[in-house]
Each structure stands twice: as structure tokens, then as C-alpha cells.
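Notes follow the structure.
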Amino acid sequence: MDKSDKERVNEFYQSIQAEIEGKGYYLNPDRSFVDELLLGLLQNNDRYGYPSCPCRLSAGIKEQDMDLICPCDYRDDDLAEFGACYCALYVDEDVWAGLKTISSIPERRKKRTDSQSMDLLDSSNPSLAYPVYRCKVCGYLMAKDQPPSKCPICGVSKERFERFM
């Protein structure tokens, strides 16, 4: 990692730390490991225009990779079950404090077909005054005409929301 990469990674690290502070998320305590993951995220952002998980194969097409944009859709389930996300960038408090070690984390991602994605959009309830949108990262629900530009809970962008009902 050259000097400019180190500076970029350090800035990225600081921005993530500020974003997750007080929200119950922790970065892996192994800083050199985290720096390599962050470099991979930055490289994927340079390559594709979005920070897809460096531990998974990206299609290079944002619409197909939405679930892999960090923080990925699977982070919270992995943290709850295994104490770390798939790439181990995010860990739970016990891992962060050194009370628990990380073990192998199975891949949760399943290929979603276009018809399955459309089924989510078709599940509307005409008795509701507004559609309900769900953040695919943290599960936040909100009923409005459109999802928010940024999730108020985890901070991901509008495109990470799906129509829930």
C-alpha cells in the first residue's frame, strides 16, 4: 500500500468510525486487516462507482450488486448469528472487546431473479394511505410516497430501500 492509498484508507476508516459511533456497530479490532478491506472497498468504488464487498464477486452492474454495497444487506444477520459480517469488517461488541473470536461465516447471498424482485414490488395493500419502504440493510420501515434519500438509522442511500407493502 503506497502513501496515497494509506491516506485514503485512513480517511475512509475515520468516516466509517464517525458514522457507526454510538449505533452498536464496531470495526474489526485488527487494524491492518481492516485497512486491507477498506482498500478493497475503495478500489471497487474506483472500478465500479460503488463500494462493493471485496470478499465477493461483483457483477460490475450496480443494480445487480445492490445487496453487496457496503454495508451489505447481510451484515446485521451475520453479526447477530456469527459476531461478524461475511468479510469481518464489522464485528459485534464481544468480538471487538476480545471476548469472542470470529469463525467461518457462510455466504447468505442467494441469486434473486428479476421475477422475485418484482414480486416484492407487487405486494401492495390498497388500504394503506402510503406505501411502506424497508431499508434492506437495517430493516428500518417508513410509510411515505418515496423512501428517504438516506436511511436515518444506518445511513445508506435511497436506492437500498425496497417497497415492502
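Remarks
- Sequence ranges 63-73, 139-149, ranked by mean other-Cβ count within 10 angstrom, highest first: 63-73, 139-149
- If you run the Gaussian network model on the chain, springs between alpha carbon atoms under 10 Å, then out of LEU39, LEU79, LEU128 the most flexible one is LEU128.
- Correct option for mean projected area of the Cα convex hull in nm² [calculated from the coordinates] among [x] 9.9; [y] 11.5; [z] 10.5: [z]
- The orientation-averaged projection of the convex hull spanning the C-alpha atoms of the range 3-96 amounts to 5.9 square nanometres.
- Per-residue ellipticity at 222 nm from helix content only, as computed over the chain with -39500 (n - 2.57) for each DSSP H run of at least four residues, stands at -11000 deg cm²/dmol.
- Taking 7 Å steps out from each Cα toward its Cβ at ILE61 and LYS144 produces label points 3.0 nm apart.
- Neighbour counting of Cβ atoms within 10 Å sorts the residues LEU42, LEU89, LEU37, fewest neighbours leading, into LEU42, LEU37, LEU89.
- Across LYS62/LYS150; LYS6/LYS100; LYS110/LYS136; LYS23/LYS110; LYS3/LYS23; LYS110/LYS144, pairs whose alpha-carbon gap is larger than 21 Å: LYS6/LYS100; LYS23/LYS110; LYS3/LYS23; LYS110/LYS144
- Gained length - ALA129 relative to LYS6, 0.36 nm times residue gap less alpha-carbon distance: 39.3 nm
None of the figures in this text is laboratory data; all of them are computed from the coordinates on show. Just so it is clear, the structure is predicted and the values come from calculations on it, not from any experiment. Note that each Cβ is placed from the backbone with ideal geometry, even for glycine, and that neighbours are counted across all protein chains shown.
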